[in-house]
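No lab work stands behind these numbers, since they all come straight from the coordinates. Keep in mind it's a predicted model, so treat the numbers as computed, not measured. We place every Cβ from the backbone using ideal geometry, glycine too, and count neighbours over all the protein chains shown.
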Amino acid sequence: MAKTKTQFICSNCDFISARYLGRCPNCGEWGTFVEEKIQPETQSRKSRVGLDGKAAKVQKINQVSLEETPKVATDLKELNRVLGGGVVAGTLVLIGGDPGIGKSTLLLQVSGQLANHGKVLYVTGEESATQVKMRADRLQVGGDDFYLYPETDMEAIKKQVEELKPDFMVIDSVQTMQEPDLTSPIGSVAQIREVTADLLQIAKTNNISIFIVGHVTKGGAIAGPKILEHMVDTVLYFEGDRHYKYRILRAVKNRFGATNELGIFEMRDRGLAEVANPSEIFLEERLAGATGSAIVATLEGERPILVELQALVTPSVFGNAQRTATGLDRNRVSLIMAVLEKRANLLLQNQDAYLKAAGGVKLDEPAIDLAIAVAIASSYQDKESPASDVFIGELGLTGEIRSVSDLEGRLKEARKLGFARAIVPKNNLGGMDVPDGIKVIGVSTIKEALKLALD
Ligand code: TYD
Ligand code: MG
């Protein structure tokens with residue numbers, strides 16, 4: 001076969017060059033050139049095919065039928081939830097996450113389950129067939145319709161797909177796959193882009209659902225061009241601290257369901273198990289009567305979860321006070337400490353503060369402010385807050401407690417777990433049905449909240 005010609009294109013301004021250039025002569029940006037295949041003239045352009053494999057047509061919006069796209073549910077309800085019900089035929093799902101977090105484990109388990117619904121082709125560029133088989137045995141994953149293929153060459157993979165005609169595919173990982181026609185190294189932007197374009201073609205023309213594993217950069221984004229995330233239908237991130245057993249699967253893009261949905265798993269000896277009641281695990285190791293601890297009902301996606309926030313405040317030894325935060329944003333912690341100093345008269349400027357969200361979760365939501373403030377004040381004053389209290393509210397710069405979204409859902413979750421009292425933003429309470437069985441107290445300032453929590 002004649003070698004396909006390639007060209008280099010500036011990803012900033014689409015300037016085309018026959019050879020690689022460090023700086024684009026058109027827009028002046030550095031390092032923006034990526035290699036691309038030149039499509040041979042003879043190859044006729046295929047028209048875009050829809051999910052049903054038919055060519056698209058113009059339709060009046062009123063006449064578009066609202067047939068539900070069929071979804072195949074896996075045995076993992078937490079995964080189905082994140083996918084918006086299940087696996088949709090002919091779609092690409094990208095799963096990103098740190099190395100060792102459990103992406104291969106999850107997809108191996110899911111492949112075993114999907115093999116009950118159709119043919120599965122698991123393409124691995126990272127491990128040998130023996131290695132995957134050993135892991136599969138440990139996870140007790142198998143099935144007659146489960147095919148393993150240790151390969152990285154996209155041409156060979158395409159050929160196998162034609163022969164095997166699988167219903168589901170796993171590509172582990174996109175960074176290890178290569179287009180033999182491109183001279184760019186494996187894992188380069190150009191390779192990832194072409195590989196994904198090919199996978200998209202495979203998925204749409206053969207109606208195959210493809211899970212693609214993507215490595216992440218140090219910054220936490222999926223390595224490769226941004227276009228990768230645009231090309232796929234669903235982007236999931238698998239997160240968690242490798243040193244903890246809990247893992248969170250989060251949808252950041254989903255054409256077939258809500259984003260911000262989240263599934264929680266536990267890494268066990270025999271693979272990933274779903275966690276049906278996450279609040280319990282984030283509270284289970286809470287020490288009774290400890291200072292510097294406060295519970296928040298935080299919203300992860302649509303889902304309220306109760307998490308313990310811990311603070312340790314100690315006098316600084318060196319001039320500059322330290323602020324360290326695990327699972328929380330350090331800038332937010334600094335801001336809350338400044339508000340406490342100014343609006344609640346706590347002398348925190350020469351105190352070191354260490355903050356932590358228990359269980360290795362990452363929280364990023366304004367409604368956790370009040371609980372952080374209470375935990376800090378509790379540690380600083382060495383007074384415990386009642387163990388049956390839960391705190392919800394955003395803290396403003398003037399010390400006001402601002403309202404939050406879905407207070408009702410958060411309160412119900414707190415009540416379900418036996419919390420007796422909730423300190424919440426007063427503004428939230430107007431016109432809201434307060435659930436019975438939990439005492440709800442509205443506060444408007446941080447001072448009021450601390451008085452209730454710590455006196
Ligand atoms: P893996 O799925 O290989 O991660 P990724 O593909 O995201 O790089 O996960 C590997 C880690 O998971 C490894 O540190 C061991 C751990 N693990 C378990 O704890 N239990 C298990 O049953 C398996 C298969 C892995
Ligand atoms: Mg892996």
Item to check | √(5λ) per eigenvalue of the Cα gyration tensor, the range 281-454, largest first, Å | outcome: 25, 17, 14
Checklist outcome for this item: Of the listed pairs LYS218/LYS356; LYS5/LYS133; LYS342/LYS383; LYS218/LYS342; LYS71/LYS103; LYS103/LYS253, those with alpha carbons more than 28 Å apart are LYS5/LYS133; LYS218/LYS342
Checklist outcome for this item: Given Cβ charges of +1 for Lys and Arg and -1 for Asp and Glu, the option among LEU312, GLY430, ASN350 whose Cα lies farthest towards the positive end of the dipole of the range 281-454 is ASN350
Next on the checklist: With θ taken as phi - 60° and the coefficients 6.51, -1.76 and 1.60, list the Karplus ³J(HN,Hα) couplings across the range 22-32 in order, rounded to whole Hz; mark glycine and proline as x.
Outcome noted: x, 10, 6, x, 8, 10, x, 6, 9, x, 9
Next on the checklist: Which three extents, in angstrom, do the Cα atoms of the chain have along their principal axes, listed largest first?
Outcome noted: 80, 53, 53
Checklist entry - How much length, in nm to one decimal, is gained on full extension between LYS412 and ASP433, taken as 0.36 nm per residue of separation minus their Cα-Cα distance? => result 6.4 nm
Checklist entry - Where in the range 59-96 does the label zone of ASN207 land, with the point 7 angstrom along Cα→C-beta and an amide N cut-off under 17 Å? => result 67-73, 87-92
Item to check | Sorted by Cβ density within 10 Å, fewest first, the residues ASP436, ASP382, ASP389, ASP329 | outcome: ASP436, ASP382, ASP329, ASP389
Checklist outcome for this item: Of all DSSP beta bridges with both partners in the chain, the antiparallel percent, nearest 5, is 55 percent
Checklist outcome for this item: Of the convex hull drawn through the C-alpha atoms of the range 360-455, the volume per residue in Å³ is 106 Å³
Item to check | Compactness of the range 311-408 as Cα Rg over 2.2 N^0.38 Å, two decimals | outcome: 1.04
Item to check | ³J(HN,Hα), Karplus 6.51/-1.76/1.60, whole Hz, each residue of the range 175-180, x for Gly, Pro | outcome: 6, 9, 7, 9, 8, x
Checklist outcome for this item: If every Lys and Arg gets +1 and every Asp and Glu gets -1 at its Cβ, then about the Cα centre the chain yields a dipole, in debye to the nearest 20, of 640 debye
Next on the checklist: Can you give the FRET efficiency to the nearest 0.05 for ASP137 and ASN350, using r as the Cβ-Cβ distance and R₀ = 45 Å?
Outcome noted: 0.20
Item to check | Potential lengthening between LYS342 and LYS57 on full extension [0.36 nm per residue; Cα-Cα distance subtracted] | outcome: 96.3 nm
Item to check | Dipole of the range 71-276, positive direction: furthest Cα of GLN178, MET134, HIS215, with charges on the beta-carbon | outcome: HIS215
Checklist outcome for this item: Note to self: C-alpha centroids of the range 289-307 and the range 167-221 sit apart, in Å, by 38 Å
Next on the checklist: Nothing charged except the Cβ atoms of Lys and Arg (+1) and of Asp and Glu (-1): what's the magnitude of the dipole of the range 339-455 about its Cα centre? Round to the nearest 20 debye.
Outcome noted: 140 debye
Checklist outcome for this item: For the chain, whose charge dipole is built from +1 on Lys and Arg Cβ atoms and -1 on Asp and Glu Cβ atoms, the candidate among PHE282, LEU417, GLN63 with its Cα farthest towards the positive end is GLN63
